[in-house]
Amino acid sequence: MKLICTQENFKHAIHNCERMVSKRNTLPILNNILLETEKGGLKISATNLEVGVSTKIGAKIEKEGKITIPAKLIGSFSANLGNNEENVILEMIEDKLKIKSGANKAIIKGMSANDFPLIPSKSTKFLLELPSLEIKNVLMKVLPAAALNEARQELTGVNLFLGEGELAFASTDSFRLAECKLKISDDQIDLEQYKILSEKKDSFIIPSSTLIELNRIIAGDNPGKIKIAIEDGQIFFEIDGTKLVSRLINGKYPDYRHIMPESYKTRIVGEKTLLQGAVKMASIFSPGASGEITLKIDSPAKKTFVLSSSAEAGENSTELNFDITGPSQEVVFNAKYLLDGINIAASSQVAVLLNSESTPAAVKEIDGKNGEVLENFTYIVMPIKN
């Protein structure tokens with residue numbers, strides 16, 4: 001193998017692939033990434049057997065070939081090349097890879113590419129083709145609520161529901177829940193395939209780790225479209241020449257919609273930054289690990305208070321002049337869980353909706369133009385019962 005490619009493309013491809021290599025790999029070959037010539041370009045791949053990623057960049061090929069090299073080593077070398085217009089020259093000499101870029105040279109010992117695991121490829125058409133930034137916005141809203149504890153593996157993923165005219169993404173760790181709906185049009189889907197798949201199975205659990213990598217791959221202000229296919233217990237993504245494939249999580253996702261209230265008695269609406277600040281301040285004075293703070297809504301006085309106190313720290317109260325609809329409420333929350341929902345909201349104003357001190361509350365976004373509550377994103381948080 002001998003080829004020339006641009007430094008920018010090479011660094012970007014290595015960056016996208018090296019993160020896929022797990023630090024806990026027991027097979028030495030899985031600590032490596034695969035470099036191979038393919039159809040007049042350079043293809044770079046990595047896998048941890050659960051998730052695989054590959055990306056192809058343009059290159060001037062002088063000699064065909066393939067080799068695997070340690071991901072950590074090539075990643076560090078690539079990251080320290082600097083930012084310049086130099087090309088990268090790669091040449092395979094027996095089981096070593098010679099790299100030259102400007103004044104930088106290296107020879108890295110590799111392993112045979114024949115032992116590298118095969119990364120699955122799809123056999124069907126793409127099911128969906130959606131704007132990448134829309135997917136990125138959805139992921140930023142649902143990923144924080146996914147469980148980290150693997151005791152219930154299905155909760156470590158994000159549930160994707162294929163609906164009529166919309167997709168619903170949901171995550172929960174049983175303490176809070178995030179759901180984000182994305183409208184889709186006929187020209188964004190393969191209608192026949194979508195109908196067949198959704199009638200057979202309309203709900204799929206995607207590992208959060210996979211979506212975190214996808215979120216990182218989606219870069220820039222206008223990264224184009226992302227293509228999605230689902231088949232044989234796997235999900236495939238493709239964006240700007242980079243392909244990501246992952247196993248889906250087996251199991252049934254909890255029927256979360258029955259805990260989402262259909263209506264709310266009380267609603268407050270105000271500036272997101274003010275509510276953020278009040279909750280952060282209250283958390284400083286909240287007692288112990290429970291992080292308890294109280295949201296007190298005094299409807300007759302048209303005042304909202306965020307309160308906290310502890311025997312060790314003292315007490316705190318922040319008064320907010322928010323718009324109030326409905327009766328007075330006093331509800332205790334875990335500060336972190338409430339704050340996460342406020343942080344996720346993308347609008348400058350947010351709404352907090354409540355029914356009682358013991359029923360689920362919601363954080364929603366506000367339309368900046370007409371002031372109405374938006375229904376495409378809902379963050380549910382459970383109160384702490386005294």
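Just so you know, all these numbers are worked out from the coordinates, no wet-lab data involved. Model, not experiment: these values are computed from the prediction. Cβ sites come from the backbone with ideal geometry, for glycine too, and all protein chains shown count toward neighbours.
What is the sum of charges around residue 266, taking Lys and Arg as +1, Asp and Glu as -1, for the other residues whose C-beta is under 14 Å from the C-beta of residue 266? The answer is +2. Think of the chain as having a plus end and a minus end, set by charges on the Cβ of Lys, Arg, Asp and Glu; of 162, 291, 47, 47 sits farthest toward the positive end of this dipole.
Within the set (1) 23.1; (2) 42.4; (3) 21.1, the number that mean projected area of the Cα convex hull in nm² takes when calculated for this structure is listed as (1). Within the stretch 28-85, report the trypsin sites (Lys or Arg not before Pro) that DSSP leaves as loop and that have at most 10 other Cβ atoms within 10 Å. Answer in residue order: 39. For the stretch 260-381, the relative contact order comes to 28 percent (Cα pairs under 8 Å, sequence separation of at least 6).
Let me have the relative contact order for the chain, percent, based on Cα pairs under 8 Å that are six or more residues apart.
Numbers: 852 pairs, mean separation 47.5, N = 386.
Once normalised by length, the contact order is 12 percent.
The trypsin sites (Lys or Arg not before Pro) of the stretch 231-312 meeting both criteria, a DSSP state outside H, G, I, E and B (loop) and at most 10 other C-beta atoms within 10 angstrom of the site's C-beta, are 252.
Contour minus end-to-end for residue 83 and residue 290, with contour as 0.36 nm per residue of separation and end-to-end as the Cα-Cα distance? Numbers along the way, then the final one.
Values: separation 207, 0.36 × 207 = 74.52 nm, distance 4.71 nm.
Working it through step by step, the gained length comes to 69.8 nm.
Computed about the Cα centre, the dipole magnitude for the stretch 128-256 is approximately 400 debye when only Lys and Arg (+1) and Asp and Glu (-1) carry charge, each at its Cβ.
Coupling constants for the stretch 31-38 follow from the phi torsions by the Karplus curve (6.51 cos²θ - 1.76 cosθ + 1.60, θ = phi - 60°), and in residue order they are 7, 10, 10, 9, 10, 8, 7, 7 Hz; glycine and proline get x. A DSSP coil position with no more than 13 other Cβ atoms inside 10 Å describes the following GluC sites (Glu not before Pro) in the stretch 316-376: 372.
Within 11 Å, Cβ to Cβ, of residue 75, how many net charges do the neighbouring residues add up to if Lys/Arg are +1 and Asp/Glu are -1?
Values: positive: 11, 19, 72; negative: 18.
Summing Lys and Arg as +1 and Asp and Glu as -1 gives +2.
Multiply the residue gap between residue 196 and residue 166 by 0.36 nm, knock off their C-alpha separation, and tell me the result in nm, one decimal place. Working shown, then result.
Details: separation 30, 0.36 × 30 = 10.80 nm, distance 1.59 nm.
Residue separation times 0.36 nm, minus the Cα-Cα distance, leaves 9.2 nm.
Below 10 angstrom from the Cβ of residue 38, what's the summed charge of the other residues (Lys, Arg +1; Asp, Glu -1)?
Numbers: positive: 39, 43, 56, 66; negative: 36, 64.
The answer is +2.
Net charge dipole, the chain: roughly 1000 debye, given to the nearest 20, about the Cα centre with Cβ charges of +1 for Lys and Arg and -1 for Asp and Glu.
Taking other Cβ within 10 Å of each residue's Cβ, how do 124, 55, 318 sort, fewest first? Mind dumping the intermediate values first?
Numbers: 124 13, 55 24, 318 18.
Least to most surrounded, the residues fall as 124, 318, 55.
Given the Cα-Cα distance of residue 24 and residue 336 and 0.36 nm per residue of separation, how much length would full extension add, in nm?
Details: separation 312, 0.36 × 312 = 112.32 nm, distance 3.03 nm.
Fully extending the segment from residue 24 to residue 336 adds 109.3 nm.
Computed over the stretch 43-160, relative contact order equals 17 percent, with contacts defined as Cα pairs under 8 Å that lie 6+ residues apart.
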